[in-house]
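The values are calculated or read from the model by the stated rules, or taken from the named source; none is laboratory data. Note that the structure is predicted; figures quoted are calculated from it, not measured. In this analysis, Cβ positions are derived from the backbone assuming ideal geometry, glycine residues included, and neighbour counts consider all displayed protein chains. In case anyone asks, the SASA skips ligands and DNA or RNA and just uses the protein heavy atoms, side chains included. Shrake-Rupley method; radii C 1.70, N 1.55, O 1.52, S 1.80 Å.
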Amino acid sequence: MDRVAQLLDSRHEGYSYRQAFVRLWALASDDTRLNSWEQQANEDTISTHVEAFLDLLQREVPPSLDYINAQPLALIRALDDYLASIRPADSRSTTTSQNSYVVEEDGKGYWLVSVPLAARRRAAMNRQPARLARWFHHHAALPARTAHGIEVTTALSRSALNTALEALSTQPDGRLKAWVAHFDDDADVVWDRTSSPVKNWRTSTVEPHDSRQGSMLQTLANADQAGAHVVVFPEFTLDLKHRDQLTEYLRKEAPQNIQLVVGGAFHEPEQPTNPAVAYNTAPVFTGNGHRLFSHRKLRLFGRSDMGAEFAEVGNNLHVLITPIGCMTVLICKDFMDEDPRVDNLLAEVPVDWAWIPSYGNEITLKAHKERARRLATVTTGTSCAVAQTQNTAMKEADKPQDLLPGFAHAAGETVACDVSTNGGLVEFGLETQTVAPRKSRPALKRVK
């Protein structure tokens, strides 16, 4: 707590309210410590102390170390509220640089992000004791590296994407619309088992190419006409040439409503000159065809008697910070696998939106729905959209006939929304949380 007191004291070189916030997050991440704090205070007992801390923060009067030690939860709530209140008038905008660097504390890096949606703190577990979301309502500190070594990177939404989502966030009854794509045509993924020394699976193309191309372009047209802001394509449904045609369509047609497209997932060589090394990648494009990032799959699919994907494993989780909260992309097993590397991933790195391309069977879809339900209502307060297609990489006799289209699950809702075999539009409500501006608040001199 000595460091917290120093970081809140403007008389010291390098003081920073944001750094103090991250320091408090790191301290409160210790369940034993947070439980001890909660044994001494609750929502009712800290209210007057929150106001007292807010007054000190507004006047840039450093709180005493004794007061900080006596009322840590009140300080957390006050600092969280204060940092939210001093954002610009367009408080959900991410055009400033305040979230664009890693904050180091105790040898660990954190990304400080704002939390504009209230769904996170209403998840059932986040209302229980010793949970950070009980006390940190307006911001979160995402780890730069997870407990299992996955690197977390952030990027800010910009330009037309940021403008559109900013406008959406200010609407009284704003709703994010997502098109969960699915194909009911005669095209399918073509697999190659000759390039692998142990006969594992590598995607080659999707054929007939023209058939899938026509379905893809029609999907984009239907989604834009329906007012979709986000389009998510299933795993192994668009090959690398289809991706090029997708971006060409976005650049030339300039869809009116589409702002973000997850272009499915497919095996992509790391370098064109070295096709032997490939990753299962899910590219994320803006509505004008600019590639924001590509997620590399963290957990490969496979079956012991059939082999696995012939691909390298990724080690990054990309988080897009937008005016309506943090978004990420995961591919199939990344989302629902019980492996320790990913099982707790979206609890450790809580986001508001998860877009998931998937390729699987009924068991896969059931696991996706269970994970989405828990994230939406129990653990995190995350909204999910899973675009799935049927797994055909199996023995012919085992192939079921069901097409298994995907679904969406909105944060706070107990029931998922399925889409048809031709895909469909789903809508997510944007219930935001706000902080009233503080009167006569001074501008901080060095808020980092």
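Values for this structure:
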| read-out | value |
| --- | --- |
| Pairs, first closer than 16 Å to residue 256 by Cβ in region 210-233, second at pLDDT 95 or above and among the hydroxyl-bearing types (Ser, Thr, Tyr), C-beta under 8 Å, six or more apart | 217/249; 220/249; 231/219 |
| Which numbered condition residue 352 misses (of (1) without any contact (Cβ under 8 Å) to a residue 60 or more places away in the chain; (2) open to solvent by less than 20 Å² (accessible area, probe 1.4 Å)) | (1) |
| Residue 405 vs. criteria more than 17 Å from the chain's Cα centre (by Cα), at pLDDT below 95, crowded, with 21+ Cβ neighbours inside 10 Å and of a type outside the set (Ser, Thr, Tyr) | yes |
| Any strands (runs of 3 or more DSSP E) falling wholly within region 177-244 and containing at least 1 residues that are open to solvent by 40 Å² or more (accessible area, probe 1.4 Å) and either under 16 Å from residue 264 (Cα atoms) or in contact with a His (Cβ under 6 Å, 6 or more places away or on another chain) (or both) | 188-192, 202-207 |
| Which numbered condition residue 247 misses (of (1) farther than 20 Å from residue 423 by Cβ; (2) open to solvent by 10 Å² or more (accessible area, probe 1.4 Å); (3) touching a residue at least 40 places away in the same chain (Cβ under 8 Å)) | (1) |
| Residue check for residue 377: hydroxyl-bearing (Ser, Thr, Tyr) and surrounded by fewer than 21 Cβ atoms within 10 Å (Cβ to Cβ) | no |
| Any hit, region 157-172, residues being basic (Lys, Arg) and either surrounded by 19 or more Cβ atoms within 10 Å (Cβ to Cβ) or not in a strand (DSSP E or B) (or both) | yes |
| Filtered residues of region 51-77 (kept if open to solvent by less than 10 Å² (accessible area, probe 1.4 Å) and farther than 15 Å from residue 7 by Cα) | 54, 73, 74 |
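For (1) open to solvent by 60 Å² or more (accessible area, probe 1.4 Å); (2) hydrophobic (A, V, I, L, M, F, W, C), each residue gets a yes or a no:
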residue	(1), (2)
259	no, no
265	no, yes
270	yes, no
274	yes, no
281	no, no
289	no, no
294	no, no
299	yes, no
